[in-house]
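The values are calculated or read from the model by the stated rules, or taken from the named source; none is laboratory data. This structure is a prediction, so every number in the text was calculated from the model and none was measured. All Cβ positions, even for glycine, are placed from backbone atoms using ideal geometry, and neighbour counts span all protein chains on display.
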Amino acid sequence: MIERIDGRTARRDRNSDAVLDTVHDMFVEGNFTPAVEDVAARSGVSLRSVYRYFEDTEALLRQAIERRVRLVEPLFVLPELGEGTLSERVTRLVNHRLALHAKLGPTIRAAILRAPYSPLLAEQIQRRRRMLSDQVAAHFAPEINAMDKTRGREVIACIDTLCEFEAMEHLRVQRGLSIARTRSTMVTGVTALLQD
């Protein structure tokens, strides 16, 4: 009896992961609100099972986003936080944020689009933004601490804005800049803010 229950649980987990992976694949293709019927068909999991695993479409999309973010959680850690020259730290921050954009772009786009309809998702996005902002403050602590408090907060806010997902989307997608030009633009901006 125990093996049978474990087998069912393992099958449910496999099917659930297949459904969530399919949703992510659809995000990558630019479909940020996939129909449950399409997800079921592409994942090979019956529609009835999908509705058993997920309360509703919103829960399905939210869990797909959460799963993807969990899988890449180590990417959110800025390596060698606060170490090196100013130039090295600026380059490291910009490279880190560009890597997040490259690896998580479709998931973040979907999360931003779904956030107005999901308080839980909106809160997760804000928590992640606060974490990235805290990284900026720690990474550039010597420069920020040399400023008066108001100016320091303004500089952190400006660096956050320049390095946030939406800014990279604007530079890469709307302006059509290459990764190299985007990197150069961001490095120039962050450096100017810290040397002001």
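All of (1) under 20 Å from GLU123 (Cβ atoms); (2) loosely packed, with under 11 Cβ neighbours inside 10 Å; (3) in contact (Cβ under 8 Å) with a residue 24 or more places away in the chain hold for GLU73 with one exception: (3). Screening the candidates VAL28, VAL19 for the property of being closer than 15 Å to LEU113 by Cβ and of a type outside the set (Phe, Trp, Tyr) yields one hit, VAL28. For the condition of a type in the set (Phe, Trp, Tyr), within 18 Å of the chain's Cα centre (by Cα) and within 22 Å of ARG130 (Cβ to Cβ), PHE32 does not qualify.
Of everything in segment 13-34 that is under 17 Å from ALA110 (Cβ atoms) and among the acidic types (Asp, Glu), the residue that is surrounded by the fewest Cβ atoms within 10 Å (Cβ to Cβ) is GLU29. Restricting the first member to segment 161-185 and to residues that are in the same structural domain as ARG130 (by TED's automatic domain parsing) and of a type outside the set (S, T, N, Q), and the second to residues that are surrounded by 11 or more Cβ atoms within 10 Å (Cβ to Cβ) and not in a helix (DSSP H, G or I), the beta-carbon pairs closer than 6 Å and six or more apart or on different chains are LEU171/LEU177. Against the list (1) surrounded by fewer than 16 Cβ atoms within 10 Å (Cβ to Cβ); (2) closer than 30 Å to ALA138 by Cβ, the condition GLU58 fails is (2).
The one condition from (1) loosely packed, with under 15 Cβ neighbours inside 10 Å; (2) part of a helix (DSSP H, G or I); (3) touching a His at 6+ places or on another chain (Cβ under 7 Å) that THR9 does not meet is (3).
Yes/no per residue for (1) crowded, with 17+ Cβ neighbours inside 10 Å; (2) hydrophobic (A, V, I, L, M, F, W, C); (3) at pLDDT 90 or above:
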position	(1), (2), (3)
VAL36	yes, yes, no
ARG68	yes, no, no
GLY105	yes, no, no
PRO116	no, no, no
GLU123	no, no, no
ARG128	no, no, no
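Checked against the criterion of being surrounded by fewer than 17 Cβ atoms within 10 Å (Cβ to Cβ) and modelled with pLDDT of 95 or more, the candidates ALA99, ALA180 yield just one match: ALA180.
Scanning segment 25-40 for residues that are closer than 11 Å to LEU60 by Cα and part of a helix (DSSP H, G or I) turns up VAL36, VAL39. Only one of (1) surrounded by 20 or more Cβ atoms within 10 Å (Cβ to Cβ); (2) under 26 Å from VAL173 (Cα atoms) fails for HIS139. Which number is that? It fails just one condition, (2). Exactly one residue out of LEU113, LEU75 is under 11 Å from the mean Cα position of the chain (by Cα) and under 30 Å from LEU20 (Cβ atoms): that is LEU75.
Among the residues of this structure, ALA64 does not count as one that is within 17 Å of MET26 (Cβ to Cβ), without any contact (Cβ under 8 Å) to a residue 12 or more places away in the chain, assigned to a helix (DSSP H, G or I) and among the hydrophobic types (A, V, I, L, M, F, W, C).
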